[in-house]
Structures are given as C-alpha cells and as structure tokens.
Amino acid sequence: MATRETMRAPVDVAVRLEARQQPKGTRLLADDLLEVGTALSGRRGAPRVVIWGFCSGGRLAYVAAARLRGLNGAVAYYGFLKAEPPRAAPLDIVGEIKVPLLGVFGGADQGIPADQIAEFERSLERAGKDFAIKTYPGAPHGFLRYGAAEHADAIADALKRTFAFFARTL
C-alpha cells in the first residue's frame, strides 16, 4: 500500500529525510515549504513558484532561496538577516542563494540595522547574485501591516516593486 512518503518523488523523500537530521528551521523548510512547492508545481501545475515572506518569514524566504529546489524567486519584507544558531542566517548563506531576490526593509527598523542591510547587499553583489534591495527611510519594521496611512508611499512603491518582480520571475 502506498503511503504519503512513498508517493513523493524519490529526491523529495531524500531531501526530507536529510532535513530531519537538521535544526528545526531547516526541517520547517524541508517539510512545509517543500510540501507547498511540490503541491504547487506538481499537483497544481504551477510552472513557476516564488516565495514571499514577512519578518521571520522573510528570513525563511532568504533561506529557501538558498536551500530549496524548485523555487524561481524569493521576496522578503523586513526579513531578519541574522539568526541565533542553529537557525540559518541569510548573511551566512549568501553564496548558496540560487534564485533572484527582492529584499524590502524599513530604514527605521531597529531589529535590522542599516549596516546589516548594507553588508547583505555587498555580499550579494560580490557573489554575483540577481537581487534588488530597497530600504524605505523612516519606515519601521512591519510598515506594510502597521503603517498604512503614515507610510502609504513606501507601501505603494514596495508593492509595485514586488509585482514587477513577480512579473519577471513568474
């Protein structure tokens, strides 16, 4: 009798089994995001898949860009660039990134300082990655959700950039 595990492609099973030996964040990527990517491309017929994450999900979007097969791009809004081990930090895995990226940051985000954003951007450039980084001066962490009136121009521009990225990568 076939099970969920045996019905998956062998490479997906291998990735899943290997990931179970990894830290929790990597297991999340392997289990949940791989399942979503497989469902979208395999069972739903999506020819291309892009991940879009916010905050911690933004960090995971960067990690997915480095670690998940089958992605065509990644968008991260105020995605944390550093992480406590054993979680993967985007700043530490730039060389592994395989797909185009769009990073959106708030210039007043105290959790992601400007020097980290600049370091990330320099690392992506040195590694020859396909990326765009945009920082909105005065915008706080979570400005898309919490600053609709105060940061309307930043939100409109960020969304315009995001949909242009989708048009290019999807």
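Coordinate-derived values only; no laboratory data. Note that the structure is predicted; figures quoted are calculated from it, not measured. Counting neighbours? That spans all protein chains shown, and the Cβs are built from the backbone with ideal geometry, glycine included.
Numbers at a glance
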read-out	value
Selection count, segment 92-116, where residues are in contact (Cβ under 8 Å) with a residue 12 or more places away in the chain, under 17 Å from residue 135 (Cα atoms) and not aromatic (Phe, Trp, Tyr)	13
Residues within segment 119-166 that are part of a helix (DSSP H, G or I), under 17 Å from the mean Cα position of the chain (by Cα), in contact (Cβ under 8 Å) with a residue 40 or more places away in the chain and closer than 19 Å to residue 55 by Cβ, tallied	5
Subset of segment 101-117 that is out of contact with any Phe, Trp or Tyr (no Cβ under 9 Å at 6 or more places or on another chain) and part of a loop (DSSP other than H, G, I, E, B) - its residue that is surrounded by the most Cβ atoms within 10 Å (Cβ to Cβ)	113
Where a residue in segment 55-82 is touching a residue at least 60 places away in the same chain (Cβ under 8 Å) and farther than 19 Å from residue 142 by Cβ and its partner, wherever it lies, is of a type in the set (Lys, Arg) and in a strand (DSSP E or B), with Cβ under 9 Å and at least six apart	none
Check on residue 135, in contact with a helix residue (DSSP H, G or I) (Cβ under 8 Å, 6 or more places away or on another chain) and surrounded by 16 or more Cβ atoms within 10 Å (Cβ to Cβ)	yes
Scan of segment 108-146 for residues that are of a type in the set (S, T, N, Q) and in contact with a Leu (Cβ under 9 Å, 6 or more places away or on another chain), ordered by number	116, 123
Search result, residues across segment 65-100 that are within 21 Å of residue 158 (Cα to Cα), among the small types (Gly, Ala, Ser) and assigned to a helix (DSSP H, G or I)	65
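This table checks each residue for (1) closer than 17 Å to residue 124 by Cβ; (2) over 9 Å from the mean Cα position of the chain (by Cα); (3) surrounded by fewer than 18 Cβ atoms within 10 Å (Cβ to Cβ).
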position: 60; (1), (2), (3): no, no, no
position: 65; (1), (2), (3): yes, no, no
position: 69; (1), (2), (3): no, yes, yes
position: 77; (1), (2), (3): yes, no, no
position: 80; (1), (2), (3): yes, yes, no
position: 85; (1), (2), (3): no, yes, yes
position: 91; (1), (2), (3): yes, yes, yes
position: 94; (1), (2), (3): yes, yes, no
